[in-house]
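In what follows, a structure is listed as C-alpha cells, so that the remarks can point back to it.
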2 protein chains.
Amino acid sequence: MTFEEKLERLAMVAVHVGLGMEAGKTTPQQVMMTAPLEAAPLVRKITEQAYQAGATLVTPLFSDDECVLARYRLAPDASFDQTNEWMAEGVAKAFRGNTARLAVAGGNPALLAGQNPAKMARANKAASIAMKPAMEMITRHDINWNIVAAATPAWAKLMFPNDTEQEGVAKLWEAIFATSRVLGRDPVAEWRAHSNNLQKKAAFLNERNYKSLRYRGPGTELELGLSDGHKWLGGGCIAGNGIPCMPNIPTEEVFTTPHRERAEGLVRSTKPLSHQGTLIRDIEVKFAGGKIVEAHASEGEEALRRRLDTDEGARRLGEVALVPHSSPISASGLMFYNTLFDENASSHIALGQAYSTCLHGGDTMSKEELAQRGANESLIHVDWMIGSGEVDIDGVTQAGAVEPLMRKGEWC
Amino acid sequence: MTFEEKLERLAMVAVHVGLGMEAGKTTPQQVMMTAPLEAAPLVRKITEQAYQAGATLVTPLFSDDECVLARYRLAPDASFDQTNEWMAEGVAKAFRGNTARLAVAGGNPALLAGQNPAKMARANKAASIAMKPAMEMITRHDINWNIVAAATPAWAKLMFPNDTEQEGVAKLWEAIFATSRVLGRDPVAEWRAHSNNLQKKAAFLNERNYKSLRYRGPGTELELGLSDGHKWLGGGCIAGNGIPCMPNIPTEEVFTTPHRERAEGLVRSTKPLSHQGTLIRDIEVKFAGGKIVEAHASEGEEALRRRLDTDEGARRLGEVALVPHSSPISASGLMFYNTLFDENASSHIALGQAYSTCLHGGDTMSKEELAQRGANESLIHVDWMIGSGEVDIDGVTQAGAVEPLMRKGEWC
C-alpha cells in the first residue's frame with residue numbers, strides 16, 4: 001500500500017467511522033476541522049472524503065506552533081488573560097447549527113516546555129472559560145465529533161530523537177496508521193467490529209454495576225468510587241444529533257464517571273503526560289474524600305499544580321477508563337507524548353469535567369442532579385495514565401464482594 | 001539585504017504603517033490575520049511584529065486553495081448556497097471588539113478558472129451576505145485594517161510561467177518588496193512621506209470639487225459624475241477607532257465615490273481582472289444613467305455577468321480612483337493578476353458598494369442620506385482597471401469648465 005493510500009484510508013475512517021457521515025443517509029452537515037499547518041495533506045484528504053460523504057462546507061482552521069511560541073516570547077504580560085472570545089462564540093454557534101467537529105492532533109507535544117507557567121495557566125484559563133459553551137456540547141456529544149492524528153516533524157522528533165526528520169516522520173505515520181487500525185482489508189468494517197467488542201466490554205461492566213474499583217501497583221493503592229447510576233461506554237456512540245460517531249481514533253478504552261467525593265488513597269502515573277505543550281512526568285497524588293490533597297511530579301510539577309488550581313473541580317476526578325496493557329498502542333512499545341494515543345495504551349483517570357453521557361439519564365439532568373449523582377464539574381479535563389503490566393484492578397460490588405477485573409494490566 | 005531582512009521589513013511596514021500599531025501609543029488590540037497556507041513565513045514575522053507593537057493576541061486564519069477546489073469538485077450541488085455564517089459572525093464580533101484586521105493576499109488568482117460559474121456565483125453570494133456586517137465595518141474603516149501580499153507558487157506560476165517554481169517565487173517576492181516600498185533606507189518613514197504625497201493630491205482634487213470626470217482612450221468615451229459632497233482620499237486614513245492606518249500596501253491611488261446614477265458612455269478595461277479565482281479579460285461595458293446596460297468580456301464573460309446580477313447595485317459604480325501610469329507597479333511592467341497590485345498600476349473604477357468615508361459627513365449618514373448623495377449600495381465591490389498610457393482624463397467643474405487632469409496616463 002502506498003503512503004497516499006494509507007492517508008486516504010485514515011481520512012476515510014475519520015469521516016465514515018469518526019464522524020459517521022454517509023452521503024444520502026445522514027443529514028448534510030458542515031464540518032469544522034482544526035489541524036496543525038503541517039497536517040495539510042491529511043486535511044485535504046479528509047476534506048475530499050467529507051464532501052463525498054455529503055458535507056455541505058468544510059472549514060479548516062489551521063494552527064501554527066511558531067505563532068503560539070511568538071506570543072509567549074513577545075506579547076505584553078497583561079495580555080495573557082485575553083483570548084479570542086469571538087472565535088469561541090463562532091465555534092459554539094457552529095455546533096448549535098449542527099456542524100460536525102474534526103480535530104487533527106499532531107502539534108508539538110513539548111511546544112511550551114520552558115515557557116512561563118503562570119502565563120500558560122492564565123492563557124489556558126481564559127481560553128477554557130471562552131470555550132466552555134462549545135466544550136459542553138462536545139462532552140455532552142450533542143454533535144458528532146472525532147479526533148484523529150497526523151505526523152508532524154516536531155512530534156516525530158520527540159518520539160524518534162535519533163532519526164532524521166524524514167525517517168522520524170515516516171515512522172510516526174506508520175505508527176499512526178497501525179494504531180488507528182487502517183491497514184487491514186476493510187478498515188471501516190474492522191472499526192465497526194472493534195467498536196462492538198468495546199461495547200460488549202462496557203455492557204459486562206454495566207451488568208456488574210460495581211460500587212468502586214481498587215487499584216494496586218507500584219506507588220498506587222487507590223479505591224475509586226463510581227458515580228451513582230454510572231454507565232460504562234466504549235467504542236462508538238450515538239451523538240445527540242442522532243449520528244453514530246467514534247470520538248477518538250484510535251480508541252481502546254471503556255470509561256465511565258467516578259464519584260467526585262469517593263476517591264481515597266495514592267496513585268502514581270505510569271507514563272509521562274503531555275498536557276498543552278508541557279510534559280509532566282511521574283505524577284504522584286493522594287486523594288481524600290475524592291479530592292487531591294497532595295500532588296507531586298518529577299517534571300512539570302508547577303504546570304500540574306497550576307492546572308489543579310484552575311477551579312474547585314480541577315482536583316477531583318471526571319473520568320475513569322480501563323484499557324488492557326496488550327492494546328495495539330501499548331504493544332507498539334512507543335511513548336507518543338500525546339494523550340490520544342497514550343491514554344489508549346493504559347488504564348487512566350481524568351481530572352476535571354465529567355461526561356454526563358456516562359450516567360443513566362444524564363443527558364437530561366440539571367447540574368444539581370448531576371452533582372448529586374457524583375459527577376464532577378470543572379473547566380479542565382486532563383487524562384493521565386495509571387495502568388501498566390504491574391497494576392491489578394478489582395471491582396467491588398454494591399454488596400461489598402471483591403472481584404478481580406484486571407491482573408498485570410489484562411482483563412481477567 | 002537578505003531575504004529574511006526584506007520579509008521582516010514587509011512585516012514591520014504591515015504592522016506599523018498598515019495597522020498603525022505602536023507599543024505604548026495605540027490601545028492594545030487583538031489582530032485577526034487571514035493568509036494562504038504558503039504565506040506562513042510572512043505570517044510568523046507579522047505575528048512577531050504585532051506582539052512587539054503591543055498586540056494582545058494574534059489569530060491567524062489560514063486558507064488552503066486545495067480545500068476550496070475540493071468543494072467545487074466534490075460537494076453536493078445543493079450545498080453551494082451555504083456558507084459558514086458562524087465564522088462570519090465571529091469575525092463581525094471580533095471587529096466590534098476592536099480587533100485589527102490583516103489580510104495577507106497571495107492565493108492563486110486563477111484558482112477557480114474552469115469551475116462552474118453558477119456554483120461560484122451562489123457560493124460568493126452566500127458568503128457576501130453572511131460577511132456583510134463585517135464588511136460594512138471594513139468599508140466604514142471602523143477599525144484599522146491592512147492588506148499586504150506574500151508570494152506563493154501558484155501565483156508566481158501565473159506571472160512567470162517560463163521560470164522554475166523557485167525562480168518564479170523569488171521574482172514575485174522581489175516584485176512585492178519593491179512595489180510595497182520596503183527596500184529603502186527607512187521604509188516606515190518613506191511610507192509616511194508617500195502617504196503625505198497622496199493626501200496632497202487628494203486635497204487638490206477636493207479643492208477643485210469637480211462635478212464629473214471625462215475619460216477618452218481606445219474603446220473608452222465615458223463621462224463619470226461624482227457624488228454630491230464627495231471627498232477624495234488617498235494614502236493613510238484615521239480609522240473609526242482613532243488609529244492611523246494604511247489599508248492597502250502597496251497603494252498609489254486617490255479615490256472617491258461616484259454618483260450611482262451619473263455614468264454615461266463606453267469604457268474598456270486596460271488590464272485583465274482577477275476576481276475570486278477567475279480571470280476576466282477585455283471587459284467592455286456601456287453605462288446609461290449610471291447603470292451598465294451592456295457588458296462583454298473576451299474571457300470570463302459569464303463570471304462577469306453573474307457578478308453583475310448579484311443585486312441592483314452591482315451594475316452601478318461605487319468607487320473611482322486615479323493612478324498615474326508611471327506608478328512603481330506600472331513601471332515594473334508586470335501584470336500581477338491581483339487587484340491589490342494591478343489597481344495601483346492604473347486608474348480604475350469599482351462596481352458595487354461605495355465607501356461612505358468618501359462623502360463629507362458620510363460616516364454618520366443614514367442609508368437614505370447616502371443614497372441621496374449618489375452613493376451606491378451592493379454586496380459586491382469589484383475594482384477593474386481602465387487607465388493606461390493611452391487614456392486622457394479631464395475634470396469638469398461645477399460651472400461646466402473642462403480642465404485637463406491626466407494626459408497619456410500622467411498627472412497634468
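Filter segment B:2-21 down to residues that are part of a loop (DSSP other than H, G, I, E, B) and in contact with a Gly (Cβ under 8 Å, 6 or more places away or on another chain) and give me whichever is surrounded by the most Cβ atoms within 10 Å (Cβ to Cβ).
Narrowing segment B:2-21 to residues part of a loop (DSSP other than H, G, I, E, B): B:2, B:19-21.
Those still in the list that are in contact with a Gly (Cβ under 8 Å, 6 or more places away or on another chain) too: B:20-21.
Values: B:GLY20: 23, B:MET21: 28.
Among them, the one singled out is B:MET21.
Among the residues of segment B:45-54, how many are facing chain A (nearest Cβ under 7 Å) and open to solvent by 10 Å² or more (accessible area, probe 1.4 Å)? Lay out the reasoning, then the answer.
Kept after step one, since they are facing chain A (nearest Cβ under 7 Å), are these residues of segment B:45-54: B:47-48, B:51-52, B:54.
Now restrict to residues that are open to solvent by 10 Å² or more (accessible area, probe 1.4 Å): B:48, B:52, B:54.
Total satisfying the criteria: 3.
Just checking: which of the strands (runs of 3 or more DSSP E) contained wholly in segment B:362-408 hold 3 or more residues that are crowded, with 19+ Cβ neighbours inside 10 Å? Can you show your working first?
Numbers: elements: B:381-385, B:392-396, B:402-407.
Hits in segment B:362-408: B:381-385, B:392-396.
Please pick out the residue among B:GLY54, B:GLY24 that is at positive phi and either part of a helix (DSSP H, G or I) or in contact with a Ser or Thr (Cβ under 8 Å, 6 or more places away or on another chain) (or both).
B:GLY54
So which residues in segment A:89-107 are surrounded by fewer than 22 Cβ atoms within 10 Å (Cβ to Cβ) and either touching a helix residue (DSSP H, G or I) at 6+ places or on another chain (Cβ under 7 Å) or within 8 Å of chain B (Cβ to nearest Cβ) (or both)?
Initially, segment A:89-107 is screened for residues surrounded by fewer than 22 Cβ atoms within 10 Å (Cβ to Cβ), giving A:89, A:92-93, A:96-98, A:103.
Scanning segment A:89-107 gives A:GLU89, A:ALA92, A:LYS93, A:GLY97.
Might you let me know whether segment A:166-174 holds any residue that is in a helix (DSSP H, G or I), among the polar types (S, T, N, Q) and open to solvent by 20 Å² or more (accessible area, probe 1.4 Å)?
Looking only at segment A:166-174, we keep the residues that are in a helix (DSSP H, G or I), and these are A:166-174.
Still in the list and also among the polar types (S, T, N, Q): A:166.
From what is left, the residues that are open to solvent by 20 Å² or more (accessible area, probe 1.4 Å) are A:166.
Yes; the residues of segment A:166-174 include at least one that is in a helix (DSSP H, G or I), among the polar types (S, T, N, Q) and open to solvent by 20 Å² or more (accessible area, probe 1.4 Å).
Within segment B:55-77, track down each residue that is of a type outside the set (A, V, I, L, M, F, W, C), farther than 30 Å from B:GLN30 by Cα and at the interface with chain A (Cβ under 7 Å from one of its Cβ atoms). Talk me through it step by step, then tell me what you get.
Quick first cut of segment B:55-77, residues of a type outside the set (A, V, I, L, M, F, W, C) only: B:56, B:59-60, B:63-66, B:71-73, B:76-77.
Going one step further and asking which of them are farther than 30 Å from B:GLN30 by Cα, we end up with B:71-73, B:76-77.
Scanning segment B:55-77 gives B:ARG71, B:PRO76.
Does B:SER274 qualify as being open to solvent by less than 50 Å² (accessible area, probe 1.4 Å) and hydroxyl-bearing (Ser, Thr, Tyr)? Walk me through how you get there before you give the answer.
Details: open to solvent by less than 50 Å² (accessible area, probe 1.4 Å): yes; hydroxyl-bearing (Ser, Thr, Tyr): yes.
Taking the combined requirement at face value, the residue satisfies it.
Given the conditions (1) under 26 Å from A:MET246 (Cβ atoms); (2) in contact with an Asp or Glu (Cβ under 7 Å, 6 or more places away or on another chain); (3) more than 13 Å from chain B (Cβ to nearest Cβ), report the number of the one that A:VAL13 does not fulfil.
Condition (2) is where A:VAL13 drops out.
From the residues in segment A:27-44 that are open to solvent by 30 Å² or more (accessible area, probe 1.4 Å) and either within 15 Å of B:LEU69 (Cβ to Cβ) or in a strand (DSSP E or B) (or both), which one is nearest to the other protein chains (Cβ to nearest Cβ)? If you could, list the steps in order and put the result at the bottom.
Here is the first cut: in segment A:27-44, the residues open to solvent by 30 Å² or more (accessible area, probe 1.4 Å) are A:27-28, A:34, A:38, A:41, A:44.
If we keep only those that are either within 15 Å of B:LEU69 (Cβ to Cβ) or in a strand (DSSP E or B) (or both) too, we end up with A:34, A:41, A:44.
Working: A:THR34: 11, A:PRO41: 9, A:ARG44: 5 Å.
Residue satisfying both the conditions and the ranking: A:ARG44.
Filtering segment A:298-335 down to residues that are surrounded by fewer than 21 Cβ atoms within 10 Å (Cβ to Cβ) and either outside the structural domain of A:LEU224 (by TED's automatic domain parsing) or of a type in the set (A, V, I, L, M, F, W, C) (or both), which residue is nearest to the chain's Cα centre (by Cα)?
Among them, the one singled out is A:MET335.
List every residue pair whose Cβ atoms sit under 6 Å apart, with the two residues 6 or more apart in sequence or on different chains, where the first one lies in segment B:380-391 and is among the hydroxyl-bearing types (Ser, Thr, Tyr) and the second, anywhere, is at pLDDT below 95.
What qualifies is B:SER388/B:THR270; B:SER388/B:GLY409.
Just to check your reading of the model, which residue among B:LYS286, B:LYS291, B:LYS201 is within 19 Å of B:ASP392 (Cβ to Cβ) and among the charged types (D, E, K, R)? Before the answer, list the steps.
Values: B:LYS286 fails: within 19 Å of B:ASP392 (Cβ to Cβ); B:LYS291 fails: within 19 Å of B:ASP392 (Cβ to Cβ).
One residue alone meets the criteria, B:LYS201.
Can you confirm whether segment A:129-141 contains a residue that is open to solvent by 20 Å² or more (accessible area, probe 1.4 Å), modelled with pLDDT of 95 or more and touching a strand residue (DSSP E or B) at 6+ places or on another chain (Cβ under 7 Å)?
No.
Open to solvent by less than 50 Å² (accessible area, probe 1.4 Å) and either modelled with pLDDT under 95 or within 28 Å of A:SER195 (Cα to Cα) (or both): is that true of A:PRO244 in this structure? Outline the logic, then answer.
Numbers: open to solvent by less than 50 Å² (accessible area, probe 1.4 Å): no; either modelled with pLDDT under 95 or within 28 Å of A:SER195 (Cα to Cα) (or both): yes.
Spelling it out, it is not the case that A:PRO244 is open to solvent by less than 50 Å² (accessible area, probe 1.4 Å) and either modelled with pLDDT under 95 or within 28 Å of A:SER195 (Cα to Cα) (or both).
Mind listing whichever residues of segment B:78-87 are at the interface with another protein chain (Cβ under 8 Å from one of its Cβ atoms) and of a type outside the set (Phe, Trp, Tyr)?
Initial filter on segment B:78-87 (at the interface with another protein chain (Cβ under 8 Å from one of its Cβ atoms)): B:78-79, B:82-87.
Within segment B:78-87, B:ALA78, B:SER79, B:GLN82, B:THR83, B:ASN84, B:GLU85, B:MET87 meet the criteria.
Since A:ASN209 meets every condition but one in (1) within 22 Å of the chain's Cα centre (by Cα); (2) over 22 Å from A:GLU390 (Cβ atoms), which condition does it not meet?
Result: A:ASN209 passes all but (1).
The values are calculated or read from the model by the stated rules, or taken from the named source; none is laboratory data. Because the structure is a prediction, the values reported are computed rather than measured. Cβ coordinates were reconstructed from backbone atoms using ideal geometry, including for glycine residues, and neighbour counts include every protein chain displayed. We work out accessible area using only protein heavy atoms, side chains counted, and drop any ligands, DNA or RNA first. Shrake-Rupley method; radii C 1.70, N 1.55, O 1.52, S 1.80 Å.
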